[in-house]
Amino acid sequence: MRTAPPDLPGSHTAESPLDRALTLMLAGERDAALRWAAAVVQHDPSLPSSLILTSRLLADAGRTEAAIEGFTLGLKRAIDAGNLPLAIAAIGDLRALGVDVGEHLDGIAEAFCAGSPRLADVATPPPPPLPHLDEFQTLSSFLTGPALLSKATEIIHDASQEYESVAESEPPLITPLPLFSHLEKAGLRALIECFEMVTVAAGKNVISEGEEGAEAYIVARGELEVRREIHDPEGDETVTLARLTNGALFGEMALLSRAPRAASVVACRPSILLVARRDALEAVAEKRPEVGVELAAHCRRRMVANLVRTSPVLLAVPPDERAALVERFETKVFEKGERLIADKEEPTGLHLIASGEVAVVGHEGDNGESFVIATLGVGDVVGEVALVLRRKASADVAAVHPTVTLHLPREDFMALIRDHPAILAGLYLLAVARDEETKNVLTMSTTTVAEADEYVLV
């Protein structure tokens, strides 16, 4: 029976011989990179990342036939590993060499789509890690030029023959993937065609906090950190929010809004990523609406997962009841300057900010100057003052950037607080504090907190 290779999400993250090969390749030291990459294939022919890297180096050196053999084998090994992103990376390399990849795309989609007989909730035990760099035996440094290329070609061919010897055996089961395995075969095939492969060096910023983005990424192989700058009067600090490994999807909130990135994502190992631009995904969603529906549903699930960790509304609900609660919310997108809540009007409901930023804008007198009372971001609640204190809004709330919220209509809010009194207690204290803050600002002199001229309320 074919076994799943090591490149699985959650595998070891210490520096490895393959990291060294990627670093050398990115530095332009291709002979040295090939010695390391081909040696990894020789040590473990089931490792798709080393097969793909070795094949890429062979392709760059003009050994097209060997490269195609290696990429094809790497793709098959990636599927067996349940590593859809790495399989898609191999597709990009094959396409660049002029190979018709239609059959390969069908094979990937068939393996990972909804209803695939290969999908099962399995957890493959991780294989033994590769030896440490100091213990790993690379190919001889005397191998250079054509001799090195011939040796690498031989290693790829031997790995391919080994795979073919067990090709008729039962293929390993693979774990369903969020987003992708919810799609039928045709929709999944269309979606994966949107992605392109990029290789990044350790230390490189893939996403920079504060920049506007229009791309989503998947980690095919590597490790990255999500970092956010915390600004404090006592000094700025960089906080690591998460660590991303094989199979992780990130940056997808840019598909819902054009809000500035909420955090930076930095490669802490040489990494292979897939990237899809918003316009490409929108084109697929237009042709195949089911893809658009699943993309939106996935982004919503991610928003909820993030808010569960930060929102006082969701934290006040017992964990086993949160899923049912979230179903009451609807996703809303607001452009810059668009009002979520209008001054002196009844609010439509409660908003949980999932992405972006809003400004609470007060007005001094009937024709007075407008000014910003406060700005609120991800995890914050707006609309609670008017809802809890049972009155009309005392300020505008407008999007500073394109912003996404989870909105709970007024009637559902009343039902929510009947079912969960703890939420009402927390929101009441927050509403009173914010109401007091607003009153204090409105009774100040003409010195305003912040000018609001830049916000064109619509």
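If you sort the three axes of the alpha carbon gyration tensor as a ≥ b ≥ c, you get a/c of 1.5 or more for the chain and a/b above b/c, which makes it prolate.
Oblate is the label for the stretch 24-156, because a/c, from the alpha-carbon gyration tensor with a ≥ b ≥ c as root eigenvalues, is 1.5 or above and a/b does not exceed b/c. Derived scalar couplings between HN and Hα for the stretch 371-384 equal 8, 8, 7, 7, 10, 10, x, 4, x, 7, 10, 10, x, 6 Hz in order, rounded to whole Hz, by the Karplus curve 6.51 cos²θ - 1.76 cosθ + 1.60 (θ = phi - 60°), x for Gly and Pro. Ordering 206-214, 328-336, 67-75 by mean Cβ neighbour count within 10 Å, with the highest value first, yields 67-75, 328-336, 206-214.
For the stretch 137-180 and the stretch 65-95, compute the distance between their C-alpha centroids and round to whole Å. Their Cα centres are 10 Å away from one another. Taking a point 7 Å from the Cα of LYS204 along the Cα-to-Cβ direction, the residues of the stretch 267-301 with backbone N closer than 17 Å to it are 267-277. With θ taken as phi - 60° and the Karplus curve 6.51 cos²θ - 1.76 cosθ + 1.60 applied, the whole-hertz 3J(HN,Hα) list for the stretch 176-182 is x, 10, x, 6, 5, 7, 8 Hz, x standing for glycine and proline. When the C-alpha to C-alpha distance is required to be over 32 Å, the pairs from LYS287/LYS392; LYS76/LYS332; LYS185/LYS332; LYS287/LYS336 that qualify are LYS287/LYS392; LYS76/LYS332.
What the Cβ-Cβ distance of ALA167 and ARG390 gives, at R0 = 51 Å and to the nearest 0.05, is a FRET efficiency of 0.15.
For the chain, hydrophobic long helices are taken as DSSP H runs at least 30 Å long by C-alpha position along their axis with mean Kyte-Doolittle hydropathy of -0.5 or more; these are 421-442.
Where does each of 167-175, 110-118, 82-90 land if you order them by average Cβ count within 10 Å, highest first?
Ranking the peptides 167-175, 110-118, 82-90 by packing returns 82-90, 110-118, 167-175.
Measuring spread by the Cα atoms of the stretch 314-442 yields a radius of gyration and Dmax of 14.4, 49 Å. Summing charges over neighbours of ARG288, with a neighbour being any other residue whose Cβ is under 13 Å away from its Cβ, gives -3 when K and R count +1 and D and E count -1. Straightening the chain between THR144 and ALA422 buys 93.0 nm, computed as 0.36 nm per residue apart minus the Cα-Cα spacing.
Rule-based calculations on the coordinates, nothing more; no lab input. Keep in mind it's a predicted model, so treat the numbers as computed, not measured. Because the Cβ atoms are built from the backbone with ideal geometry, glycine has one as well, and the counts that use them run over all protein chains shown.
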